[in-house]
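Structure first, then comments.
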Amino acid sequence: MVDAVAGTVIVGGGTAGCVLAARLSADPEHAVCLLEAGPVWSGAAAVPEELRLAGRMPIGPASPWVWRYPVRLADGPVTGDIVRGRVLGGSGAINGGYFVRALATDFAAWARECPEWTFDAALAGYQQIERDLDYGEFPGHGRSGPIPVQRAVDPGPASVEFASAAVQAGFPEIPDLNALPESIPESGLGPVPCNIDAGRRAGTATTYLLPALGRPNLTVRGATLVTRVRFRGTRAVGVDYVRDGRVHSVQADRVVLCAGAVESAALLLRSGVGPPEQLRALGIPVVHPAAVGAWFTDHPEIGVEYRGGAPSAPEAVALEYILCHDDLEIRPYAVAFGSDAAVRRVGVALMRPRSSGELRLVSADPRVPPDLDYRYLAADYDRERLRAGVGLAAELCAAITGTAATPRQPDNSWLRANLGTSQHLSGTCRMGPAGDAGAVVDERCRVHGVRGLTVADLSVAPVPLSRGPQATVVLIAERVAGSLLGIV
Ligand SMILES: Cc1cc2nc3c(=O)[nH]c(=O)nc-3n(C[C@H](O)[C@H](O)[C@H](O)COP(=O)(O)OP(=O)(O)OC[C@H]3O[C@@H](n4cnc5c(N)ncnc54)[C@H](O)[C@@H]3O)c2cc1C
């Protein structure tokens, strides 16, 4: 049954989807229908408090706000699970609130194959997004964008203790991690810019979408699971979705997938855009061959723990400082992990790993999650860098506690036993020119080989990002909205 007709259908009201829906519907001539699998809210006042408080990440085993996926992190196998937000605002509604720009060197790598994605272009976008409450008046910053950005005013004792240890070890301070490139050394310690206002998480649901809800040309539907994109030939003409246990369709002039790096890829595959052999084995008719899911990247993270430091701050944001050291990010978590509040954790994340993962569909049934094979630690380089990072973190922890550093020399089995992920999965539908067999979307995020279909979320990032991805997801969404509206 076809139950609605809209100009643009947006699949997924997450970090990117809320931006797209708000920007496209600002044009009154443009009808927009946003379909979100999780709950949606009628206004900011209706958002549950546990989602608003920036000091909480509501992702525990009983959380009703997440998708949960089993994953293979490394061979062995080392298994685990990852989550993604399943609620208006998506992962940005449940995340750590760290809102940092990617580096100029990341955009240099990105622009090598995608010339529109230079750092200068990105900088203009980052400025447009932010209302920096600390550095808004400084060069390269914005002070009137929708997203408030600020650094911890009064960092907790554990954060301060780590920061002093890092400075004593000789690392320079970086007061503004979002400063222009010439002011950011390759190594140094800085307070984390966060998208937080008065202790409340300021994700794209509250800053972009909810203020736009009254527009007559914008429809937002929650509890709506999109199951596939419908094609006429190679033209996307709408989507199928399930709501209240019934299957519906919506026709559209254009479909924009903002379902995140796992679900946008899974939707494309289920709709017949992907590696032909994988699709045929599952009985899915091939619409267009594409390398969907063939490559992804994420930041492997390993925790170094210690006792005897300053107490954690229960209501703090997860991270108040980070120590950047070339391609490593050392994260002294301000909050306790696990039940023992006396145990402190320092995360060691590799930001430009050389190992890459693969996402494969294992069933055409939308209720079955795709297979996620991270292949972390596959590259010698990654193991060596993580070993160096763990060694550095252990030395800094030892300086805090006054005891010998542990682990002293982490071997491969220690790395494997302590392996985790930063949950920044990206690149399953990566951007690149039509001649690149690994590219799924073009520079404007239009899916190669079909018409009327765009992917606008973290799936499209073609290179590892040296910082957390949230700010760059908003940037991608803003740029795609501009291009769909014909502004850029
Ligand atoms: C626990 C956690 C902590 C993190 N912390 C940080 C951090 O502090 N800083 C940082 O920079 N990054 C962080 N990240 C990463 C960052 O939040 C995400 O990479 C980013 O929000 C992804 O944005 P997105 O728009 O691509 O996807 P999402 O924000 O995940 O949005 C996807 C949306 O699509 C919906 N959806 C999916 N499939 C369907 C379907 N079939 N039908 C309808 N709707 C669908 C989902 O419910 C969701 O709302 C964190 C991630 C996690 C999981």
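Which residues does a label at Ala378 reach in the stretch 340-368, if reach means a backbone N under 17 Å from a point 7 Å past the Cα toward the Cβ?
352-361
Evaluate the relative contact order of the chain (contact order divided by residue number), counting alpha-carbon pairs under 8 angstrom at least 6 apart; express in whole percent.
21 percent
Calculate the all-directions average of the projected area of the stretch 191-292's alpha-carbon convex hull, and give it in nm².
Mean projected area for the stretch 191-292: 10.0 nm², to one decimal.
Can you tell me the orientation of helix 104-113 relative to the chain, as the angle in degrees between its alpha-carbon axis and the longest Cα principal axis, to the nearest 10?
That helix lies at roughly 30 degrees to the long axis.
What FRET efficiency would be calculated for the residue pair Ser42, Arg243, taking the C-beta separation as r and a Förster radius of 25 Å, to the nearest 0.05?
With a Förster radius of 25 Å, E is 0.90.
Average the reciprocal distances over every distinct pair of alpha-carbons in the chain, invert the result, and give the Kirkwood radius in Å.
22.7 Å
When the dipole is taken about the Cα centre of the chain, and only Lys, Arg (+1) and Asp, Glu (-1) are charged at their Cβ, what size is it in debye, to the nearest 20?
It comes to approximately 1400 debye.
How far, in degrees from 0 to 90, does helix 119-129 lean away from the longest principal axis of the Cα atoms of the chain, to the nearest 10?
The helix 119-129 is inclined about 80 degrees to the chain.
In nanometres, what is the gap between the two model label sites at Asp411 and Asp371, each 7 Å from Cα along Cα-to-Cβ?
The modelled label-to-label distance comes out at 3.1 nm.
May I ask for the Kirkwood hydrodynamic radius of the stretch 112-179, worked out over all distinct Cα pairs and given in angstroms to one decimal?
Result for the stretch 112-179, one decimal place: 14.2 Å.
Provide the descending list of Cα extents for the stretch 358-488 along its principal axes, expressed in whole angstroms.
Reported extents, whole Å, longest axis first: 61, 37, 30.
Of the options Leu372, Gly452, Ala54, report the single residue whose Cα projects farthest towards the positive end of the charge dipole of the stretch 2-484 (beta-carbon charges: Lys, Arg +1; Asp, Glu -1).
Value: Gly452.
With label points built 7 Å along Cα→Cβ from the Cα atoms of Ala124 and Glu49, find their separation and express it in nm.
The modelled label-to-label distance comes out at 4.5 nm.
I'd like the distance separating the alpha-carbon centroids of the stretch 172-211 and the stretch 298-338, in whole Å.
Cα centroid of the stretch 172-211 versus Cα centroid of the stretch 298-338: 16 Å apart.
Tell me the angle of helix 157-168 to the major Cα principal axis of the chain, expressed in degrees between 0 and 90 and rounded to the nearest ten.
Relative to the chain, helix 157-168 is tipped by roughly 70 degrees.
Set Lys and Arg Cβ to +1 and Asp and Glu Cβ to -1, take the dipole of the stretch 2-484 about its Cα centre, and tell me which of Gln128, His288, Ala16 lies farthest positive.
Final value for the positive-end residue is His288.
Values in this text are rule-based calculations from the coordinates and carry no lab data. These figures come from a predicted structure and were not determined experimentally. Cβ: placed from backbone, ideal geometry, glycine included. Neighbour counts: every protein chain shown.
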